[in-house]
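Q: Please find one structure pasted underneath; my questions will follow.
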Amino acid sequence: MRQMTSTKTWTVDVRLTEDDGRTRAEAMLRPDAMTQLDVPMRAEGVARRHPHDADVPMIGDEVAAARALSELAHRLLDTAARNIEERTGEPAHMAG
């Protein structure tokens, strides 16, 4: 018997705040209502400009956002591993 295909939409919002050579990014994952994930899941990333570097805000945005998204990915993998362990009773090893 063939399984039905399903489509889910998960949204990630990234909010960037710049202040005196420091950029903070907050990434928030909001899965759809059909997901059992603890929602919303948040992560933060920070970038700091070296005092001698040119002020290029886009670079700080990119670095801070990448760090926030990377942290969010790790948290999501940790959640998946916990869910696997709860269902199987065996340790889960998630490569990331």
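The values are calculated or read from the model by the stated rules, or taken from the named source; none is laboratory data. Fair warning: this is a prediction, and the values are worked out from it, not measured in the lab. Cβ: placed from backbone, ideal geometry, glycine included. Neighbour counts: every protein chain shown.
Q: If you go through region 33-47 one residue at a time, how many are in contact with a helix residue (DSSP H, G or I) (Cβ under 8 Å, 6 or more places away or on another chain) and either under 30 Å from GLY21 (Cβ atoms) or modelled with pLDDT of 90 or more (or both)?
A: Summing the residues that are in contact with a helix residue (DSSP H, G or I) (Cβ under 8 Å, 6 or more places away or on another chain) and either under 30 Å from GLY21 (Cβ atoms) or modelled with pLDDT of 90 or more (or both) in region 33-47 gives 7.
Q: Next question. Anything in region 18-34 that is surrounded by 12 or more Cβ atoms within 10 Å (Cβ to Cβ) and either β-branched (Val, Ile, Thr) or over 11 Å from the mean Cα position of the chain (by Cα) (or both)? List them, or say none.
A: GLU18, GLY21, ARG22, THR23, ARG24, PRO31, ASP32
Q: So ASN83 ticks every box in (1) within 16 Å of THR17 (Cβ to Cβ); (2) modelled with pLDDT under 90; (3) in a helix (DSSP H, G or I) but one. Which box is left unticked?
A: (1)
Q: Search region 53-65 for residues being surrounded by fewer than 15 Cβ atoms within 10 Å (Cβ to Cβ) and part of a helix (DSSP H, G or I), and hand back the single one that is modelled with the lowest pLDDT.
A: Once the filter is applied, the top-ranked residue is PRO57.
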